[in-house]
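Quick note: the coordinates plus some simple rules give every number you see, no bench work behind them. Here the structure is a predicted model, which is why all the values come from computation and not from measurement. Quick reminder, even Gly has a Cβ in these numbers, built from the backbone with ideal geometry, and neighbours come from all protein chains shown.
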Amino acid sequence: MYYDLHTHKISEENSDIFSVVNISGGDSLLKETAEGSLNTFYSIGIHPWYIKKENLHKELDLIEKYMSFPKVTMLGECGLDKLCKTDFELQKEAFLSQILISEKNNKPLLIHCVKSFDEIIALRKKYSPKQAWIIHGFRGKAQQVKQLTDNGFFLSFGFNCNEESIKNIPIEKLLFETDNSGHDIRSIYKKAAEILETSVEKLIDEVEANVRTFIKLPPRLT
């Protein structure tokens, strides 16, 4: 089973891909998709680019509502971004609220982080979350890999990854995603397997073991 931990595309049924589709667009869209196909699951959160102070509490209530859906397996993407136009204090307010919702509902947190790793690490140390925190679309250097994994983060890599970072991540913290790249998740696993000089089959088993530490799944999806 290939695991695509973050994608924006709802693909046709495929028995060998487990995908977590990021949902935005409000109540009606999630109602239409939250049942989905066997191996399609969902995440919902407030991306820092789109936080609006006047809508924040309404959107947080919506996230809280859908955390109870069995097919909604993760909260996100959410996080901090120093390059976007959203006020940084408002970003922190929204992120903290989503941390608390994640913990309350026992759902892992999928994090968008741009030039804010120090703040994200400080928050993890402060709140000591029980749920997994996953940095999505990680492209940082090997030094950041060590800093983040030493503090308990999982890192999710796409096709355009830093090869040295892939080589230096502890295998138990490694995840993959397609995001909105248009790449097939199989090609990302293939590239990573070549970088790590291992087999795709072994990498599949290792990533599945990682996913099972924070998402409750049947013994095997078919």
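The table below gives the values:
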quantity	calculated
Cross-link partners of residue 53 among aspartates and glutamates (Cα-Cα below 20 Å; sequence separation of 8 or more within a chain)	27, 61, 64, 77, 81, 87, 89, 93
Under 17 Å from the Cα of residue 190 - lysines, other chains or at least 8 residues apart	167, 202
Dipole in debye (nearest 20) - the chain, about Cα centre, beta carbon charges: Lys, Arg +1; Asp, Glu -1	560
Trypsin sites (Lys or Arg not before Pro) within region 135-216: DSSP coil, no more than 14 neighbouring Cβ in 10 Å	139, 141, 212, 216
Cross-link partners of residue 130 among lysines (Cα-Cα below 16 Å; sequence separation of 8 or more within a chain)	104, 107, 173, 216
Computed helical MRE - 222 nm, the chain, DSSP H runs ≥ 4 contributing -39500 (n - 2.57), nearest 500	-11500 deg cm²/dmol
Length-normalised contact order of the chain in % [C-alpha pairs under 8 Å, at least 6 apart]	19
Residue order, fewest to most surrounding Cβ atoms within 10 angstrom, among 86, 213, 198	213, 198, 86
Rounded FRET efficiency, nearest 0.05, which uses the C-beta distance separating residue 172 from residue 146 and R0 of 25 Å	0.95
Where labels lie 7 Å past Cα in the beta-carbon direction, separation of residue 84 and residue 190 in nm	3.3
Ordering of 116-122, 16-22 by packing [mean C-beta count within 10 Å, highest first]	16-22, 116-122
Extreme residue, positive dipole direction of the chain, given options 181, 120, 74 (C-beta unit charges)	120
Per-bin percent of Cα-Cα distances, the chain [10 Å]	8, 35, 38, 17, 1, 0
